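Asks: A single structure is presented below for examination.
Just so it is clear, none of the values below were taken in a lab; they were calculated from the coordinates. Please read all numbers here as calculations on a predicted model, not as lab measurements. Glycine also receives a Cβ, built like all others from the backbone with ideal geometry; neighbour counts cover every protein chain displayed.
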């Protein structure tokens with residue numbers, strides 16, 4: 001049974017999608033869209049495109065981690081631990 005689902009696209013926001021659809025052979029557009037949707041649904045691993053996108057996002061807003069201070073130690077506790085470990 002054939003089911004038709006209407007789809008609305010915005011000519012500005014979805015220009016990339018519209019361009020891709022227009023590149024598909026006219027009689028194969030529905031099949032191309034179904035293949036693309038299935039590929040996305042079945043995608044369960046990170047792709048090179050995902051890695052690239054993450055790098056681009058990092059470049060746009062570099063996050064600088066501040067170094068954490070060394071924790072203060074108790075000399076008596078250190079000595080007792082060393083004795084227990086035969087150091």
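Asks: Using C-alpha positions alone, give me the convex hull volume of the range 10-66 per residue in cubic angstrom.
Replies: On the way: hull volume 7.6 nm³, N = 57.
Per-residue hull volume (Cα only) is 133 Å³.
Asks: Right, here's the next one. Compute the angle between helix 29-42 and the longest alpha-carbon principal axis of the chain, please, reported from 0 to 90 degrees and rounded to the nearest 10.
Replies: 20 degrees
Asks: Between helix 48-60 and the chain, what is the angle of the helix's C-alpha long axis to the longest principal axis, kept within 0 to 90° and rounded to the nearest 10?
Replies: 70 degrees
Asks: So how tilted is helix 75-84 from the main axis of the chain? Cα-based, degrees 0 to 90, rounded to 10.
Replies: Helix 75-84 and the main axis of the chain meet at about 90 degrees.
Asks: Sort 5, 37 by Cβ crowding within 10 Å, fewest neighbours at the top. Each step should come with its number before you reach the end.
Replies: Working: 5 4, 37 10.
Sorted ascending by nearby Cβ count, the order is 5, 37.
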